Structures are given as structure tokens and as C-alpha cells.
1. When only residues in the stretch B:195-216 that are closer than 25 Å to residue B:18 by Cα and aliphatic (A, V, I, L, M) count, which is farthest from ligand 1 (Cβ to nearest atom)?
2. From the list B:112, B:63, exactly one residue is touching a Ser or Thr at 6+ places or on another chain (Cβ under 8 Å), assigned to a helix (DSSP H, G or I) and in contact (Cβ under 8 Å) with a residue 40 or more places away in the chain. Which is it?
3. Applying the selection to the stretch B:167-194, what residues are away from chain A (no Cβ under 14 Å), within 16 Å of ligand 1 (Cβ to nearest atom) and in contact with a strand residue (DSSP E or B) (Cβ under 7 Å, 6 or more places away or on another chain)?
4. Just to be sure, is residue B:26 at pLDDT 90 or above, within 14 Å of ligand 1 (Cβ to nearest atom) and within 30 Å of residue B:128 (Cβ to Cβ)?
5. Please verify whether the stretch B:95-104 includes one or more residues that are within 11 Å of ligand 1 (Cβ to nearest atom), of a type outside the set (Ser, Thr, Tyr) and assigned by TED's automatic domain parsing to the domain that holds residue B:129.
6. Given the conditions (1) crowded, with 20+ Cβ neighbours inside 10 Å; (2) within 14 Å of the chain's Cα centre (by Cα), and given that residue A:108 satisfies all but one, which numbered condition is not satisfied?
7. Would you be able to tell me the number of residues in the stretch B:86-99 that are more than 21 Å from residue B:200 (Cα to Cα) and surrounded by fewer than 20 Cβ atoms within 10 Å (Cβ to Cβ)?
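The values are calculated or read from the model by the stated rules, or taken from the named source; none is laboratory data. Since this is a predicted model, take the numbers as computed values, not measurements. Positions of Cβ are generated from backbone atoms using ideal geometry, with glycine treated the same way; all protein chains shown enter the neighbour counts.
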Amino acid sequence: MASSINIADKTYNALVEIGDMTFFAKRYFKSVGSAPIEWEELWRQCYLVGNRSLLLVAVTGFILGLVFTLQSRPTLSEFGAVSWMPSMVSISIVREIGPVITALVCAGKISSGIGAEIGSMRVTEQIDAMEVSGTNPFKYLVMTRVTATTLMLPLLIIFGDAVALFGSALVEYLKGGVSFVLYFNKVFDAITFNDLLPATIKSFFFGFVIGLIGCYKGYYCEKGTAGVGKASNSAVVYASMILFVVDFIAVFISDIFFEI
Amino acid sequence: MTESNTHREVILEISNLQKSFGSNKVLDNFNLRLFRGENLVVMGKSGSGKSVMVKCLVGLMEPNSGRITINNKDITSLNQESLDILRTEIGFLFQGSALYDSMTVRENLEFPLRKHKKRLQINETTEHLVQQALKSVGLSSALDLMPSELSGGMKRRVALARALILNPSIIIYDEPTTGLDPITAKEIIALMKSIQSSYGTSALIITHDVDCARVVADRIILLIKGKNYIEGSFQELSSSTDLQVRAFFK
Ligand SMILES: Nc1ncnc2c1ncn2[C@@H]1O[C@H](COP(=O)(O)OP(=O)(O)OP(=O)(O)O)[C@@H](O)[C@H]1O
Ligand SMILES: [Mg+2]
């Protein structure tokens, strides 16, 4: 009995939370639409989002390409299909694994960072101070960060994909003697516009989710230092979960329009 | 005291302010008038709703009912833009200083300027204004430090400089001396006095520091159970026979 109440409560709370996030998103779009835009801060945030995650995305991308290729080799060679490696790896990385892994890594890095930063600004009344000094804190803090992650995530994902393919090419070069030129020729033969477009569109949504959840959790942070930790932590949890939901929806839709 | 009040200009007025959080009635018909050029101290126990009251004043919290007028403008009826403009006439010193910790002291002070300098037709350069404000709180050397490199007392001063930078006609101090050692507290109190005399600002000072009240207060209001319990000069209140009042001045 008690556990069923617990589940009902939790479901209810989750629904309320999703409703709140929707309002938060709506408020974001309103603030994007209304002048003036804090260009300088937006530019700075774009730089920070890109710069802070570049190395992390590169390392995970490289290892991803490496491991993926190493582990696919035995199976492919069983069928005598090792020459298919570049097209198989590139399509799965560009379409699915690259965007999802990069977005998850960025959720861990960026969402939690934004959640903690804005959360501590809330707790120490810096957001109130901003408001009192006649600057709209939502515009200055939230609008700039969410826009920055939305714009930067596609770039980070393309970069991550490229590094992953490089990792894969390296394995093929060392193990199969395939030259980099041949490998990438095959890659570019295999990838089509219909692979790239849906992946890129969904990257924007990933970026939006990462920024929005971080800001939302920080903006409504509970008082006290414990609140900041909670904000940062639940930002990662929610962002990762919602990323998968968005990915599912994206695959579903692109299945209709682009016939995977 | 009360007779002379009728001739003075009211710059800020709170009438019948009510604010509750759920069943917790924090402010219950609170009234207050601040006259031009005076230092008004509001005293009350911790948790009595002093911070809530000043947050309602600047529109950070919405009261359940009541009227708040600043310079004869009802703040609850203003749109966002007019509210922002009105807010530039108020300097707010937060209880915890609330410096932007990702910005240097200089950037902290520039922050209120970047939005309102043009509109207020301030002709001095930003650099000059920042230097001036820091000098008036005696911290010229801290210009390029980060807030994390400042002591509690220095933070309070920088926050004060930031509150002063748009040359507001009203300053609200939320517990300016709490958490400081007695000597630094005295310096801040002296600073508040000198701001009043040199800028002619009116100030609303929230505190439970009796020393602070003694030095700066022209008038004191006690906030007890959400109401203005009693009002008077430091002399009057400290010699009161009422037990609740005496408890503050022991
Ligand atoms: N955002 C809020 N949500 C719910 N309750 C609140 C909120 N802010 C304040 N309160 C409640 O209002 C009451 C008054 O709080 P307030 O911060 O105004 O006290 P204070 O008089 O400033 O105390 P102190 O001297 O310790 O600063 C407290 O009981 C507090 O729990
Ligand atoms: Mg307080």
C-alpha cells in the first residue's frame, strides 16, 4: 500500500516538474523574442560552452571510435566483410552514437555546471541583486546559456563525430593496413545527406535540453548549499533522461521522413 | 517627533502590508513611512519578516495585499520597465552582500551602470564612477580583485559601493553589520552615517544590532508578530517599560 502511494506521488511530482519545465521553456522563447538581447554575454557563453567541453568530447569521441571498430572487427571478418567497416562505423556514429554520447558527456559537464552556477547565484541572492539593479536575470543568465548550448552542441557533435572516425581509421590503419585516404573516401561515399540532416537537427534539440534543464534546476534551486548540490545533480539526471526521450522521438520522426 | 513628521516629505510608504507563506503569516498589516533624508531603523527578531518586508518593497516578492509607494508611485501597479527604472532610485544592500562571484569588483560595480547609465544621462565615464564609488567606501585598492579574495567586511563595502553607484535617493540596508567583528561593524556604521550626510539619501535600515541603531537611527520601528509594534527615537524606545521592547535594548 505504502509503496503504491509512493509511486503515485512520484509520478505526480514528475508530471508537475515536466509542466514547470514547459513553462520555463515558454519563458525562454519569449525572452529570445524580445529585445534587447545580451549579445556580449551570449558570445561569452558560446565560447565557454565550446571551450570547456572540447577536450572531453575529443577524448570520448576518440575512444568511442577506437573501441567500436576494434570490437566490430571479429564479427565483420567472420563474414569477410571488413571492407564494409568504414561505411558501417561512419553511419552508426554520425546517425546515432556520436550525437548521443557527445550529448550525454555534455549533459554531465555543462548541465551540472550551469545548474551549480545559477543555483549558487540563486542561493546567495545574486539573482535578486541583478533584478534589483534593473537587469532582467532571466535574460542575462538563462536566455544566454540556453541559446549558447543550443548553438554550440551541433558543433561539438560534429567535432566529436570527426574525432571518433579518426579513431576508427587509426584502428583500420594499424590492424588492416587501410590508408586514411581510402578509409575517409569510403566514409564520404557511405554518408548521405539523409544521415546528416536528421542528426544535425536533433543536435540542436540536445543542446536546448542540456541548457534548459541546467538553467531550470539552478533557477529554482532550494535554499542552502545542499540545494546547490541537488540542483547540479538532478540537472544531470533529468537532462540525460530527457535526452534519451528526445532521441527516441527524433529517430521515430526521421524514420518517417528519411526512411532509415 | 510625530508633529514635525507631518511637514516632511514622504519618500516611501508601506500601508497594510500582508504577506504569508502557506499558513505562516509573516507580515500582518505592517505600516511604515520613510521621510526624505532620514535614517529609519526597523528592528525585529530573527525570522520576524524583516527581509521579507524589504523584498516586497523592491518587488522581489509579491505581497498578498497592501500598498507600497515609492516617490509617490505604487510599485505593484508598475510594468516591468517602469519598475526597473524606479529600482535605479533604490540602492539595496543585501544581507549576504550578494556580489556577483564570477565578476571582478570592477565588473560588479559596472553592472548596474551598463543598463542605466545612458538613460540617467550620467556623463562621467564608467571608470570614473567606479573609482569614485570605491573611494567613498575606502577600498580603491580592490578594483581588480575577485569577490572570493575579499574579507567579509570588504565584501560589505563593495556591495555598498555597488548600491551607491547610480546615486540612489533611497538606500535599503538589510542587516549591514551582521556577521562582522565589532570594529569593522563600527566602520560600516560610520560609513552609513557619512553617506547620509554627504549624499542626502534616505535610508531604511534593517538590523538587530543595538549599537548600529543607536548611532544611525533618527527613528526606530519595532517589528513584532508582523506588525509595527512601537515607533520612536532610540531614547524613547530604550527607556520604554514595555517588556517586549526592553528585550531588544538590554
Ligand atoms: N521564500 C520563502 N518561502 C517560504 N517562507 C519564507 C520565504 N522567505 C522567508 N520565509 C519565512 O518568512 C519568515 C521571515 O523570514 P525573513 O528572512 O524575513 O526573516 P528576517 O526577519 O529577515 O530574519 P533574519 O534577521 O534572520 O534575517 C521566516 O519564518 C521564513 O521561514
Ligand atoms: Mg533577514
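1. Pass one, the stretch B:195-216, residues closer than 25 Å to residue B:18 by Cα: B:202-208.
From the residues that got through so far, the ones that are aliphatic (A, V, I, L, M) too are B:203-206.
Numbers: B:203: 17, B:204: 13, B:205: 13, B:206: 7 Å.
Filtering first and then ranking leaves B:203.
2. On the way: B:63 fails: assigned to a helix (DSSP H, G or I).
Residue meeting the stated conditions: B:112.
3. Residues satisfying the conditions are B:176, B:177.
4. On the way: at pLDDT 90 or above: yes; within 14 Å of ligand 1 (Cβ to nearest atom): yes; within 30 Å of residue B:128 (Cβ to Cβ): no.
The answer is no for residue B:26.
5. From the stretch B:95-104, those within 11 Å of ligand 1 (Cβ to nearest atom) are B:95-96; that's our starting set.
Cutting the leftovers down to of a type outside the set (Ser, Thr, Tyr) gives us B:95-96.
The next check asks that each one be assigned by TED's automatic domain parsing to the domain that holds residue B:129; those that pass are B:95-96.
Within the stretch B:95-104, one or more residues are within 11 Å of ligand 1 (Cβ to nearest atom), of a type outside the set (Ser, Thr, Tyr) and assigned by TED's automatic domain parsing to the domain that holds residue B:129.
6. Every condition holds for residue A:108 apart from (1).
7. Residues in the stretch B:86-99 being more than 21 Å from residue B:200 (Cα to Cα) and surrounded by fewer than 20 Cβ atoms within 10 Å (Cβ to Cβ): 2 in total.
Conditions (1) farther than 14 Å from residue B:43 by Cβ; (2) at pLDDT below 90, marked per residue:
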| site | (1), (2) |
| --- | --- |
| B:172 | yes, no |
| B:178 | no, yes |
| B:209 | no, yes |
| B:221 | no, no |
